[in-house]
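The values are calculated or read from the model by the stated rules, or taken from the named source; none is laboratory data. Quantities reported herein were computed from a predicted structural model and do not represent experimental measurements. When we count neighbours, we look across all protein chains shown, and the Cβ atoms used for this are built from the backbone with ideal geometry, even at glycine.
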């Protein structure tokens, strides 16, 4: 096998090659792959594999202070990183990986599992030939700021995840993972819309903090008294008045001066459902009213769904049919 220096001109997508709000880069050269990952995430060294040639692709986007990217190498790879001041999470979408941080023992991940790398430690990873990962990088400021809002208090010490923690993605984080993957893979995606980007950033940060154990996890799950009736009523009013806003439980709790737990317990007490389920029902009603009063010649179901705050269009269609017994397109076609 020829060395990298003997390879012909590389099919490398140059800086600025993009699809909507995403950037796509590919290369067959391991040295070029190191440069791409360094520019997007952190310094790294790609150790030689059984073949010098790889089939690397990175499709990435900036979600506020979070970097998200779909990364694959098309070859079994061994990679070492330098130390970093930011948090990194790899979600295994396909294949297998073995990862370790510092001197910790390697941890194996398969589809649907995430590995969280702590700040300040170099990492070593091995990916199978068919491995494909969703890789997140989040600043300490963004995660700790979001955590302070979740807790409703300042942090007395730095946020720390367990040493090279492996965990299941879980149902609370799965919707965010699916949405990010959907938009990274969509050439005409929604990542050019600032409202969508802010929403996805919040979903990623909240999902990470609520599902991946860290040194504040016990505080997040402490029992809390339900929020006062007036504050819960105001939260419901906000959802009714502004259903298309990129709401998360953290932002809603912040707006009505409650902790996340108090907000959740208050909605359970007053409405017998979580706040985001309440929001989904509000959005569905709003979507139905819009579809019934719109002209199918100039309006699409997709446009209405986005206007009402639904980003996952297939889930919107399924929820709409379950709620109203017909598809959104059927409603639009029989305008009042």
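Picking from residues in region 212-237 that are farther than 22 Å from residue 282 by Cα and at pLDDT 80 or above, the one that is surrounded by the fewest Cβ atoms within 10 Å (Cβ to Cβ) is 218. Among the residues of region 71-95, the ones that are surrounded by 17 or more Cβ atoms within 10 Å (Cβ to Cβ) and without any contact (Cβ under 8 Å) to a residue 40 or more places away in the chain come to 1 in all.
Provide a single number: the residues in region 234-255 that are under 25 Å from the mean Cα position of the chain (by Cα) and over 16 Å from residue 207 (Cα atoms). Give the steps one after another, and end with the answer.
If we filter region 234-255 for residues that are under 25 Å from the mean Cα position of the chain (by Cα), which is where we start, we get 235, 238-239, 242-255.
Still in the list and also over 16 Å from residue 207 (Cα atoms): 235, 238-239, 242-245, 254-255.
The number of residues fulfilling the criteria is 9.
Scanning region 98-136 for residues that are at pLDDT below 95, assigned to a strand (DSSP E or B) and within 16 Å of the chain's Cα centre (by Cα) yields a total of 4. From the list 307, 240, the lone residue that is loosely packed, with under 14 Cβ neighbours inside 10 Å, modelled with pLDDT of 85 or more and farther than 24 Å from residue 148 by Cα is 240. Looking at region 265-285, is at least one residue surrounded by 14 or more Cβ atoms within 10 Å (Cβ to Cβ) and farther than 29 Å from residue 149 by Cα? Yes: one or more hits. Taken over region 56-72, the residue count meeting the criterion of being at pLDDT 95 or above and out of contact with any helix residue (DSSP H, G or I) (no Cβ under 7 Å at 6 or more places or on another chain) is 3. Counting only residues that are under 19 Å from residue 91 (Cα atoms) and not in a helix (DSSP H, G or I), region 137-155 holds 3 of them.
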